[in-house]
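The values are calculated or read from the model by the stated rules, or taken from the named source; none is laboratory data. Since the structure is predicted, the reported quantities are computational estimates derived from the model, not experimental observations. Backbone-built Cβ (ideal geometry, glycine too); neighbour counts: all protein chains shown.
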Amino acid sequence: MSFLKENKFAAITITLLVILNLALLSIFALPKFMHNSSAKKHNKGSGHYMANRIGFNETQLAEYRTLLENHRSNKNELQRNIDTKRKELYDLLKVEGNHAKQVDSLTNEIGVLSSQTEKATYQHFANIRALCTPEQLIKLDNMLKEAMRRRGLKDENSKNQHDRRSSYSKKN
């Protein structure tokens with residue numbers, strides 16, 4: 001401490017640096033902290049986004065959360081099985097020899113598991129639809145259409161409209 005008493009400039013500089021560091025940390029950390037705390041206030045558990053967008057009541061939300069929990073569990077198990085089969089498949093690359101039958105078998109198993117995943121997801125959304133009122137079905141369908149569009153999939157109506165526009169522009 002005698003150094004700081006003798007060097008007031010160094011003491012003031014160190015104090016300012018500590019204050020500036022704390023200020024800088026709070027500038028970066030505070031917004032994230034505020035966002036997380038406000039998200040916790042608004043997010044009352046899984047399914048809150050769906051509840052807001054579709055307008056689920058408390059009973060529907062409780063049923064949805066159960067559906068979601070079961071779906072995630074099932075989907076995670078299927079994904080673990082797919083990952084295991086993929087690992088087995090790519091481990092064959094490390095072994096000399098012809099593995100055509102094993103490759104066919106493993107890729108078929110991966111395909112079956114992927115198919116089960118798609119069916120489980122389809123069934124999950126069918127179960128969600130069963131929860132909805134007619135007004136909520138419209139909102140759900142719009143959400144699903146939006147999600148498909150973000151994944152690069154277009155519904156058949158927009159494809160037909162695009163095809164008609166393309167054929168019209170080719171004629172002119």
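Before moving on, here are some points about what is shown:
- From Val95, Val112, residue being exposed (fewer than 15 other Cβ atoms within 10 Å of the Cβ) and modelled with pLDDT of 95 or more: Val112
- Filtering the stretch 46-97 to residues that are over 16 Å from the mean Cα position of the chain (by Cα) and outside any helix (DSSP H, G or I) leaves Phe56, Asn57, Val95, Glu96, Gly97.
- Condition met for Lys101 (part of a helix (DSSP H, G or I), surrounded by 15 or more Cβ atoms within 10 Å (Cβ to Cβ) and either among the polar types (S, T, N, Q) or out of contact with any Leu (no Cβ under 9 Å at 6 or more places or on another chain) (or both)): no
- Long-range neighbours under 9 Å by Cβ, at least six apart or interchain, first residue assigned by TED's automatic domain parsing to the domain that holds Thr117 within the stretch 82-101, second hydrophobic (A, V, I, L, M, F, W, C) and exposed (fewer than 10 other Cβ atoms within 10 Å of the Cβ): His99/Leu93
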